[in-house]
1. Against the definition (in contact with a helix residue (DSSP H, G or I) (Cβ under 6 Å, 6 or more places away or on another chain) and closer than 23 Å to residue 28 by Cα), how does residue 78 come out, yes or no?
2. Test residue 129 against the stated conditions and say whether it is assigned to a loop (DSSP other than H, G, I, E, B) and within 16 Å of the ligand (Cβ to nearest atom).
3. Against the conditions (1) more than 13 Å from the chain's Cα centre (by Cα); (2) more than 13 Å from the ligand (Cβ to nearest atom); (3) in contact (Cβ under 8 Å) with a residue 24 or more places away in the chain, where does residue 173 fall short? Just the number, please.
4. All but one of (1) more than 24 Å from residue 110 (Cα to Cα); (2) touching a residue at least 12 places away in the same chain (Cβ under 8 Å); (3) in a helix (DSSP H, G or I) hold for residue 152; state the number of the condition that does not hold.
5. Collect the residues in region 183-206 that are away from the ligand (no atom under 16 Å from the Cβ) and either surrounded by fewer than 17 Cβ atoms within 10 Å (Cβ to Cβ) or at pLDDT below 95 (or both), keeping them in residue-number order.
6. Run residue 136 past the list (1) within 16 Å of the ligand (Cβ to nearest atom); (2) surrounded by 17 or more Cβ atoms within 10 Å (Cβ to Cβ) and report the number of the one that doesn't hold.
7. Modelled with pLDDT under 95, away from the ligand (no atom under 16 Å from the Cβ) and under 22 Å from residue 226 (Cβ atoms), is that true of residue 74?
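The values are calculated or read from the model by the stated rules, or taken from the named source; none is laboratory data. As the structure is a prediction and not an experimental result, all values here were calculated from the model. Glycine gets a Cβ as well: all are built from the backbone with ideal geometry, and neighbour counts include every protein chain shown.
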Ligand SMILES: *Cc1c(COP(=O)(O)O)cnc(C)c1O
């Protein structure tokens, strides 16, 4: 895989999608999803300009993050946890990640807050919303979002930055659009209620252009940058 080439293509597609919808492309961050990708390839991506890496497993990320700490601070990437987090791993997640995209219950938020307090760190978080009912396992149901926003905003060591969604799997990217649009509406509503949630983490390799059209500020892209993963995770 030609990482600089694929990254350039992704950037170009983001720029085009932003232009179509009258948005500033510079507010859109690529979270390069490096699960299953080896450290030398990750370093290629960082050297090609990737500033944010996304991992979905705490264990797997730990080793990679350690190895990447040898990078000069000038190019040292941020690490985001994009996958489901179990409460018993909250402590490690706080140690490792700059932003956790997958907070989906008051219990998990409380655990992260507790460990962040111990670590004297303010942990940046997004709330993952489940807009598809039974079709996906994780995320807070839409009707419970306001309650969770209220609780999280009372937790001193959490900094709420926005919302995240994973639409149900589909072969047709356009089918994701209503989920992206809905997430944007929910973020607007949260803002009106006094809980600013400006970051929208939505869109993956197959549907990121649609997500950009609908307001994404973070697109989580694995395959289109690193190539196909051998095993499904
Ligand atoms: C794997 C993964 C992605 C990236 O998927 P691609 O289709 O390879 O771009 C994005 N978000 C989450 C939560 C993932 O687990």
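1. Details: in contact with a helix residue (DSSP H, G or I) (Cβ under 6 Å, 6 or more places away or on another chain): no; closer than 23 Å to residue 28 by Cα: yes.
No: the conditions fail for residue 78.
2. When the stated conditions are applied, residue 129 does not pass them.
3. The one condition residue 173 does not meet is (2).
4. (1)
5. 185, 188, 189, 191, 192, 193, 194, 196, 198, listed by residue number.
6. (2)
7. Against the criterion (modelled with pLDDT under 95, away from the ligand (no atom under 16 Å from the Cβ) and under 22 Å from residue 226 (Cβ atoms)), residue 74 does not qualify.
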